[in-house]
Amino acid sequence: MDIAAIAALAPVIPVLTIESRESAVPLARALVKGGLPVLEITLRTGVALEALRAIVAEVPEAVVGAGTVLNSAQLAEVQRAGARFVVSPGCTSTLAAEARRTGMPFLPGVQTVSEAMALAEQGFQLLKFFPADIAGGVGWLKAVSAPLAGLRFCPTGGIGADTAPAYLALANVACVGGSWVAPKAAVASGDWAAVERLAAAAASLKGR
Ligand code: 3PG
């Protein structure tokens, strides 16, 4: 599956910053059960890679990717760990070239029109718009839809259940990313039923 096919699997990609190895598998199972099979595990905790490996091994229905990938070394590391796709908050030409060389499905982050143009020039047509909410939100995406007509986005950052529908209604939005479906308190207390309910609500959000 290429990155567009992965993004088409669900309207929302949960962005997961996993603090404990024990929560990884039940968290992934709850999200998948709720209808969100595409999961982004950020490389922001000491257990992120171990969590990613555990989900890959134990939750085969999940399509697990790695987020907050900042350089080629991390890209190689998450590929070895079994990640099916890679997300970065911004991008460098080195990272883009390495993603192309490895063939790893890649969702590079952008915040400006010039960054989007540079990635489009390298063949990337689906981009993460980050941090979406404070960088212009729905208004930015509407404004770039005509000039950047060939590009689609996965806005992420500051999006919640209340604001996701407005993003998903845009033609140039493929899906949205966010952490609201896995609240820290629910994960810490192992309230997997609550996570599953949030996932089910997110999975039912309509795109165009
Ligand atoms: C990310 O890394 O994509 C963001 O931290 C997720 O943003 P959110 O926590 O505001 O949903």
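The values are calculated or read from the model by the stated rules, or taken from the named source; none is laboratory data. Note that the structure is a prediction, hence the values are computed from the model and not measured. With ideal geometry, Cβ positions are generated from the backbone for all residues, glycine too; neighbour counts draw on all protein chains shown. Surface areas here come from the heavy atoms of the whole protein model, side chains and all, with no ligands, DNA or RNA. Shrake-Rupley method; radii C 1.70, N 1.55, O 1.52, S 1.80 Å.
Overview of values
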item	result
The chain, relative contact order [Cα under 8 Å, separation at least 6], %	24 percent
Globularity ratio of region 50-104, using Cα Rg and 2.2 N^0.38 Å	1.11
Pairwise label distance in nanometres, ALA120 with LEU70, each label 7 Å out on the Cα-Cβ vector	2.9 nm
Ellipticity estimate at 222 nm from DSSP helix runs (n ≥ 4, -39,500 (n - 2.57)) divided over the chain, nearest 500	-12000 deg cm²/dmol
Accessible-area composition of the chain, carbon plus sulfur, in percent [1.4 Å probe]	55 percent
Long-range Cα-Cα pairs in the chain (distance over 26 Å), rounded percent	27 percent
Anchor LYS206: aspartates and glutamates whose Cα lies under 14 Å away (excluding residues fewer than 8 positions away in-chain)	ASP162
Debye equation applied to the C-alpha atoms of region 140-201, log10 I(q)/I(0) at 0.27 Å⁻¹	-1.10
Residues listed by number, region 138-166, amide nitrogen under 13 Å from ARG44 label point at 7 Å toward C-beta	156-159
Where labels lie 7 Å past Cα in the beta-carbon direction, separation of ALA171 and ALA5 in nm	2.6 nm
Whichever aspartates and glutamates have a C-alpha closer than 17 Å to that of LYS33, once near sequence neighbours (fewer than 8 apart) are set aside	GLU58, GLU61, ASP191, GLU196
Set of aspartates and glutamates near LYS128 by C-alpha distance (under 14 Å), chain-local residues within fewer than 8 positions excluded	GLU40, GLU115
Residue (of PRO155, LEU205, ALA188) at the positive-pole extreme of region 97-208, dipole from beta-carbon charges	LEU205
Student exercise, the chain dipole from Lys, Arg, Asp, Glu Cβ charges, in Debye to nearest 20	280 debye
